[in-house]
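Written out below as structure tokens is the structure these notes cover.
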Amino acid sequence: MHNLCATRETGTLMDKETITNDTSAENAEIMDAVPETTVVEELTKKYDELNDKYLRLAAEYENYRKRSKRDQENSVRYATEKFALDIVEVVDNFERALKSDDAGLREGLEQIHKFFLASLAKNGIEPMNAAGCQFDPELHEAIAALPSDKPDGEILDVAVAGYMLRDKVLRHAKVAVSSNNP
């Protein structure tokens, strides 16, 4: 049995193997020509897509950086707002106390002092209790050494109170310490 086929162009019968060989040769020529232009076009298209993604990503990053910087500046700028509001209330109370008569002045100032300490505590600021404690250079600043029968280095007097801001020393306490050395 023969494998004969009619060709489209001539309508003549040809052997199937001959048709296959002719078609393969034509396809090889087409394949040689097409891939070069197709590959270049595909690579160009891929390059354009990746470049576009890169440019968009770079723009997104720049916007993120600017937004982060602005947010940080606003955080720093407004971080003390709550604290400032508390302090303003303290100032208002001081002004009211100053307008009152002398008898009530002391009582008013004591109330303001309590209110002020409460406002500080609300914002993480606490006074140190240094009197009677052992001197610690991380917390205290010795401004005097006084002879005493107390153990060496014990705090005898607090000249200026120290304050802590949460777990950080805000201001060292200025203290007088005992000294057994004559």
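The values are calculated or read from the model by the stated rules, or taken from the named source; none is laboratory data. Here the structure is a predicted model, which means the values were calculated and not measured. Note that we place each Cβ from the backbone using ideal geometry, even for glycine, and neighbour counts take in every protein chain shown.
When region 93-124 is examined, which residues are found to be polar (S, T, N, Q) and touching a Lys or Arg at 6+ places or on another chain (Cβ under 8 Å)?
Asn123
What number of residues within region 161-182 are loosely packed, with under 13 Cβ neighbours inside 10 Å and either on the phi > 0 side of the Ramachandran plot or part of a strand (DSSP E or B) (or both)?
2
Taking Val158, is it over 38 Å from the mean Cα position of the chain (by Cα), closer than 30 Å to Phe83 by Cα and surrounded by 13 or more Cβ atoms within 10 Å (Cβ to Cβ)?
Against the criterion (over 38 Å from the mean Cα position of the chain (by Cα), closer than 30 Å to Phe83 by Cα and surrounded by 13 or more Cβ atoms within 10 Å (Cβ to Cβ)), Val158 qualifies.
Which of the residues spanning region 79-92 are out of contact with any Lys or Arg (no Cβ under 9 Å at 6 or more places or on another chain), under 17 Å from Lys122 (Cα atoms) and assigned to a helix (DSSP H, G or I)?
Glu81, Ala84, Leu85, Ile87, Val88, Glu89, Val90, Val91
Which of the numbered conditions does Leu105 fail, given that it passes all the others? Conditions: (1) in a strand (DSSP E or B); (2) over 38 Å from the mean Cα position of the chain (by Cα); (3) of a type outside the set (Phe, Trp, Tyr); (4) surrounded by 13 or more Cβ atoms within 10 Å (Cβ to Cβ).
Against the list (1) in a strand (DSSP E or B); (2) over 38 Å from the mean Cα position of the chain (by Cα); (3) of a type outside the set (Phe, Trp, Tyr); (4) surrounded by 13 or more Cβ atoms within 10 Å (Cβ to Cβ), Leu105 comes up short only on (1).
Name the residues in region 147-160 that are of a type in the set (Gly, Ala, Ser) and either outside any loop (DSSP other than H, G, I, E, B) or not assigned by TED's automatic domain parsing to the domain that holds Ala131 (or both), would you?
Matches in region 147-160: Ala159 only.
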